[in-house]
Amino acid sequence: MSTTTVAGPAGDLSVVLSGEPPRDGAIVLVHPINTAAVVWERVVALLDRPSVTLDLRGHGRSTMAGPFTIEAGYLPDLVAVLDALNLSSVHLVGGSLGGPISLAAAALHPERVRSVTTLGSTLGTGVPDEAIAAMIAELEAKGTDRYFEELVPTIVGTGYREERRVLDTMRVAAGGRAESVVADILRGAFGADIRHLVDKVDTPVLAVGGSEDPTCPPAMTEEIASATGGRAVRWDGIGHLPMLEAPERVAELILEQVDG
């Protein structure tokens, strides 16, 4: 794997390349918010074919500049990466908010998206403003590193809450950022809603959800599939981070979707 830097609309974006992605039909993986490209490492290795992962703005080695919204921030970043790598059409795989980012790409840039696979995603959480404010107050009280150290075991499946690989990867992926940046990311993510775009999605959609996902429960997976004419898959015992909890199953499912 190699790492490169792409000029994004708000600043530099870190991109990891596994092999040489084809111009048409490359696999591009979009991470959940408050993680980074590193969460896909095991999945990428198991895919055993060229792929692209990126650090969205506010994450990993990419710029910490906002805005941290789908249509004005993350989607332009994704398009900038596709343009810089000369990728004409791609299969998008999105975890959590990476899912609606990918669906927005399919809606607004249909000629560039061959398929979308979402993992633990939603079209919009519907979390009220006061609940978001409470999250941010907790973040500011604990600091970024402690906040995510305590949060991660509560959002993965019961069988993964003490698994070092999951906890250690998330410590690297989520930590080390200013609380003000993370607060803005939380506001943007939990306030996001792409329901106004889904009727424009005309590409195969596979929506995967875990039975133990407290952030985006199975009903949200079912909504994605229903709204896009796609297919829903429910995995028992899996929480909000299937790319870390069950990378083998994720890789297998991606290949099934990509290969048709």
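No lab work stands behind these numbers, since they all come straight from the coordinates. The structure presented is a predicted model; accordingly, all values stated were derived computationally and were not measured. Don't worry about glycine lacking a Cβ; one is built from the backbone with ideal geometry, like all the others, and counts go over all protein chains shown.
If you sort the three axes of the alpha carbon gyration tensor as a ≥ b ≥ c, you get a/c of 1.5 or more for segment 159-258 and a/b no higher than b/c, which makes it oblate. Helical content of the chain, expressed as a calculated mean residue ellipticity at 222 nm, amounts to -12000 deg cm²/dmol (DSSP H runs of 4 or more residues, -39,500 (n - 2.57) each, divided by residue number, nearest 500).
In this structure the amide hydrogen of VAL233, modeled in the peptide plane, comes within under 5 Å of the amide hydrogens of ALA207, VAL208, GLY209, none closer than 5 places in sequence on its chain.
Order of TYR160, TYR74 from fewest to most other C-beta atoms within 10 Å?
On the way: TYR160 22, TYR74 31.
Fewest-to-most ranking of TYR160, TYR74: TYR160, TYR74.
Report, for the chain, the % of DSSP beta bridges that are antiparallel, rounded to 5. Of all bridge pairs located within the chain, approximately 30 percent are antiparallel.
Where a ≥ b ≥ c are the square roots of the eigenvalues of the C-alpha gyration tensor, would you call the chain rounded, which needs a/c under 1.5, or, failing that, prolate if a/b is larger than b/c, or oblate? Judged from the Cα gyration tensor, the chain comes out rounded (a/c under 1.5).
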